[in-house]
1. Filter the cross-link list LYS325/LYS616; LYS64/LYS108; LYS183/LYS244 down to pairs whose alpha-carbon distance in this structure exceeds 21 Å.
2. One quarter of the convex hull surface, Cα atoms only: what value does that give for region 238-356 in nm²?
3. Once you put a point 7 Å from the Cα of HIS558 and another 7 Å from the Cα of ASP419, both along the Cβ direction, what distance in nm separates them?
4. Computed over the Cα atoms, what is the radius of gyration of region 456-512 divided by 2.2 N^0.38 Å, N being its residue count?
5. Greater than 20 Å separation of Cα atoms is the criterion. Which listed pairs, LYS39/LYS117; LYS318/LYS587; LYS187/LYS354; LYS62/LYS117; LYS421/LYS665, meet it?
6. Report the local net charge at LEU326: Lys and Arg +1, Asp and Glu -1, summed over other residues whose C-beta lies under 11 Å from its C-beta.
7. May I ask you to list the lysines whose Cα is less than 16 Å away from that of LYS272, ignoring any residue fewer than eight positions away on the same chain?
8. Quick check: pseudo-label points 7 Å beyond the Cα along Cα→Cβ at SER411 and THR173, how many nm apart are they?
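Read-outs: derived from the displayed coordinates by stated rules, not from any lab. What you are looking at is a predicted structure, and each value in this text was computed from that prediction instead of being measured. Counting neighbours? That spans all protein chains shown, and the Cβs are built from the backbone with ideal geometry, glycine included.
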Amino acid sequence: MSPKQFLLAFVEQDEIGIAQKILKVNTKREKPRGLFFSKENRAKRDMQMINEEHPFLYRLLKSKILHQSALKDDDSDSEEDDKDDTDSLRGPFDEPVELDKDAQAAAKVHRAHVISKTICSMLAFTSNQRKNVMQLENAVTFVACGISDRVNKYLNFIGLSSCRQTAHPALRTLGKKAEQKIKNDMKLGPAASPKFCPLICINNLDFQEAVHEKSVDNQSSMFHGTWGYLHQPDPKILASVDPKDLTLEAYQTAVANSADDVISPSHFILNKEESTHYQSVLKSQIASVFMTYIAQTNDKTPPIPLNPPPIEVLAAQKPDITMLKLMVASDNSSEGVGEVFVGLARQSGLTPAKFASRLRILEGDLGTCLNLSSLRAQRKPNNRPEESLANVSTLLGGAHTLWNVAQALISLHFGDSSDSKDLGCWHFLEALGVKSNQVLNKKDFSLMLVQVQKVHEATIAYLILLVMGKQTDSFPKEKILMEAKDIMSIIDSVYNKYLSPLALSKAKDPKAPCLANMLLRLWDFSTIVECNRAMKAGDIGRVLNIYKQWSVMALGIHGLTNYAIDLPRMYLLLTKVLPPGLRLVLKHSLLISPTGRPNHFVAKDFYLENQNFFLKYFYNNTGMGTKIDCLKDEYSLAIPVHFDTVNGQLYEDGQPVRHLLHLAKI
């Protein structure tokens, strides 16, 4: 077009028609919906990049990469060339995955696609920094991964990432959206059909508030705060119960009606059905040790019970969790618990009166429950609902209960390691190569559970060899091939001789207490192993059976005085006192599966402890000193988004996610 033709077209253009077209285009545009970093929105942005913005460059790069890959396959001779296109994303301890030809071809195409679209995004960002979708996502991911600012500057220079000044406002925006989600989750709903409030799980968070540039008035100190999350119960469970059972009035009526109930010891003694089930639990533990370390069989009948019969297994699905904002208030005291509830009411967006008008279920460790009970007792008598805390019910966290009971039991059976004649479990630990002074470490409860399981399995393995008449032989390096009926016969013999109630009563001899002490330790440690396995399996029925036994055992074990009061109380609430609908909802909310996989359940307070670790040791140790406002406004609210972005980047190869399992073996 010549300059004359251009000016003539510019003067004679249809301004009204152009304006109508612009309005038509604007009406078709919609604001982004959903999570910016979700897989769906990421896929839409990728399709726009490769089909509309840079289709020629994308196809050119992809064809070039695939052509070079085909030439490389034809000339490959060395072992290095045999690596598939997912090796770069595999960790140092991940086992290689064998792929067939179709899977290898798909991996090559997918890698070429990722490289091509990444180069297109880098080119778009270099020419126009407003086109920073991939760079912004990478910047947030790099913050979540703990990459230093110096490395991020280089990645920003080559066009792979946005600068930190862009990433932090993005995190603050995510934090504001998370604050609004907290308010939406805590809405009361209409008076005719009130919504059941989400369950609250909290825990104290104590860490050193480091100061990078110290002065007389500015020194490092300890930060004491509280953090937690909201857990929405399963909608299917809520729909299956009577809504009237979930109201505050129903809860208060049930508690008031149980005030005059007589609590007898029979409530905490295993009945015939529960005793039979625990017999199968013990036999399954024997069978697990037998088939793991000693024997194997090719027979399918009779079946060897490696797992006890299920009782009440929860549905494996990802939980609906909303992280709360980090509160500068500690639940380590009664006064601090009051400040925590003020902070919870403020985050909910409700007035204190409305916040106190619904039933609030609070889950935490024993200290939180005791401090709340103490604060409630201090405020009596009080007719003001917003101050009396009459609408709050507490539940003990499953992980803290397991950890504290396990620590008390292993301390009970530990013995005196300075006396070589003492036959406590420290002897087994030393024989297994574990230093006895490293067992009772309160900073690593998971390791303590592993040591308990090792001692328990080593004892059972010795008893199996004793029944087989091979106790003097060395431990078999290869498994013995046996018939299934012979294995079942040995399992029954081990149970009858050493793990049955009759065997324990026969072993009681004041002059020779060694056998009785060992059998008592076997029984006590079996409850720890069973509770840990039941939690992983998501079987809340088996967990409650263990709680029932621990309610009696806690009365005679040093260090479990408060559990001897609160654990029976929680057991009665979940099995007898509360309305049926509320009992079902709470039982099915004690355990969660963070990844939605079966047999990968954890207690809710265990999940919170994992989040605490990242906030305390990862995002706090940046080399620039502690920034409480940054932890509150950016990290504490957006940690789930961090995990999603990291997992999305690590496993963009299209292969299934490979999780590292930690198996304890003797």
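1. Result: LYS183/LYS244 exceed 21 Å.
2. Result: a mean projected hull area of 14.9 nm².
3. Here the modelled spin labels are 1.3 nm apart.
4. So region 456-512 has a normalised radius of gyration of 1.29.
5. As for pairs spanning more than 20 Å Cα to Cα, those are LYS421/LYS665.
6. After counting each charged neighbour, the total is 0.
7. Within the straight-line limit of under 16 Å, LYS272 reaches these lysines: LYS548.
8. Each label point is offset 7 Å from its Cα along the Cβ direction, giving 5.1 nm.
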